[in-house]
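The values are calculated or read from the model by the stated rules, or taken from the named source; none is laboratory data. Fair warning: this is a prediction, and the values are worked out from it, not measured in the lab. Positions of Cβ are backbone-derived with ideal geometry, glycine not excepted, and every protein chain shown enters the neighbour counts. Ligands, DNA and RNA are stripped out before the accessible areas are found, and what is left, the full protein with its side chains, is counted by its heavy atoms. Shrake-Rupley method; radii C 1.70, N 1.55, O 1.52, S 1.80 Å.
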Amino acid sequence: MLHPMTIEPEQQIGVGTQDAFQRLWTPHRMAYIQGENKPTGPEAGDGCPFCGIPEMSDQDGLVVARGKHVYAVLNLYPYNGGHLMVVPYRHVADYTDLDAAETLELADLTKRAMVALRKASGAHGFNIGMNQGQAAGAGIAAHLHQHIVPRWGGDTNFMPVVGHTKVLPQLLADTRQMLADAWPTD
């Protein structure tokens with residue numbers, strides 16, 4: 001913290017080592033690493049967050065849009081600001097388990113997510129994909145979900161490259177509202 005008339009930093013008091021803000025703390029990542037919100041087993045009743053989110057309000061569940069078969073939700077542990085996932089309501093693990101209507105709506109909501117992210121945040125590009133199975137990196141392998149990660153030219157700065165962390169400039173609730181407002185209706 002700076003004194004009003006000087007640029008000399010005060011000694012930091014509290015947990016941690018004095019370092020003049022040379023590190024950023026991201027405690028929400030530790031919750032993910034330690035398994036918060038992860039199911040205890042492969043079945044829908046084993047605490048699957050993707051099965052529970054549809055029962056919540058849009059605001060509490062961070063749901064941006066709902067379809068008949070799938071919904072779009074912000075990632076609670078995002079790789080980038082605006083990181084969305086499109087998730088079927090039905091508890092299935094594999095892309096091949098989707099029926100034709102679910103597959104079609106998953107593709108449609110993915111396209112709508114791209115439109116909303118471009119409108120709301122000026123995204124220049126996207127990483128879109130699914131990790132199928134735990135061996136492929138799926139954090140919740142028992143319930144299919146497709147990631148839509150917005151990208152911007154030059155968004156890979158020193159933080160993710162050197163610091164191995166992302167700095168998100170907006171609260172998830174604010175991001176959810178911004179994208180819900182930009183979501184295309186036709």
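Do you know which residues across region 90-110 are surrounded by fewer than 18 Cβ atoms within 10 Å (Cβ to Cβ), in a loop (DSSP other than H, G, I, E, B) and of a type outside the set (Asp, Glu)?
The answer is Arg90, Val92, Ala93.
So in region 49-77, with the set limited to residues that are farther than 16 Å from Glu105 by Cβ and open to solvent by less than 10 Å² (accessible area, probe 1.4 Å), which one is nearest to the chain's Cα centre (by Cα)?
Leu74
Does region 123-130 include one or more residues that are open to solvent by 20 Å² or more (accessible area, probe 1.4 Å), within 27 Å of Glu43 (Cβ to Cβ) and modelled with pLDDT of 90 or more?
Within region 123-130, one or more residues are open to solvent by 20 Å² or more (accessible area, probe 1.4 Å), within 27 Å of Glu43 (Cβ to Cβ) and modelled with pLDDT of 90 or more.
Just give me the residues in region 135-175 being at pLDDT below 80, open to solvent by less than 50 Å² (accessible area, probe 1.4 Å) and either of a type in the set (S, T, N, Q) or in a loop (DSSP other than H, G, I, E, B) (or both), in sequence order.
Matches in region 135-175: Asp155, Gly163, Thr165.
Quickly run through region 37-48 and pick out the residues that are without any contact (Cβ under 8 Å) to a residue 40 or more places away in the chain and in contact with a Phe, Trp or Tyr (Cβ under 9 Å, 6 or more places away or on another chain).
Asn37, the sole residue that qualifies.
Residue by residue through region 109-125, note down the ones that are touching a helix residue (DSSP H, G or I) at 6+ places or on another chain (Cβ under 7 Å) and closer than 20 Å to Pro88 by Cβ.
Correct list: Ala116 only.
For region 15-48, give me each residue that is under 12 Å from Tyr77 (Cβ atoms), over 15 Å from the mean Cα position of the chain (by Cα) and modelled with pLDDT of 70 or more.
If the condition is that a residue be under 12 Å from Tyr77 (Cβ atoms), over 15 Å from the mean Cα position of the chain (by Cα) and modelled with pLDDT of 70 or more, then Gln34, Gly35 are the ones that fit.
I need every pair where a residue in region 49-74 that is touching a residue at least 60 places away in the same chain (Cβ under 8 Å) and assigned to a helix (DSSP H, G or I) has its Cβ under 8 Å from the Cβ of a residue that is surrounded by 19 or more Cβ atoms within 10 Å (Cβ to Cβ) and of a type in the set (D, E, K, R), sequence separation at least 6 or different chains.
Every condition considered, the pairs that remain are Asp58/Arg176; Gln59/Arg176.
Quick check on my filter: what residues within region 111-122 are surrounded by fewer than 19 Cβ atoms within 10 Å (Cβ to Cβ) and either in contact with an Asp or Glu (Cβ under 6 Å, 6 or more places away or on another chain) or over 15 Å from Thr175 (Cβ atoms) (or both)?
Lys111, Met114, Val115
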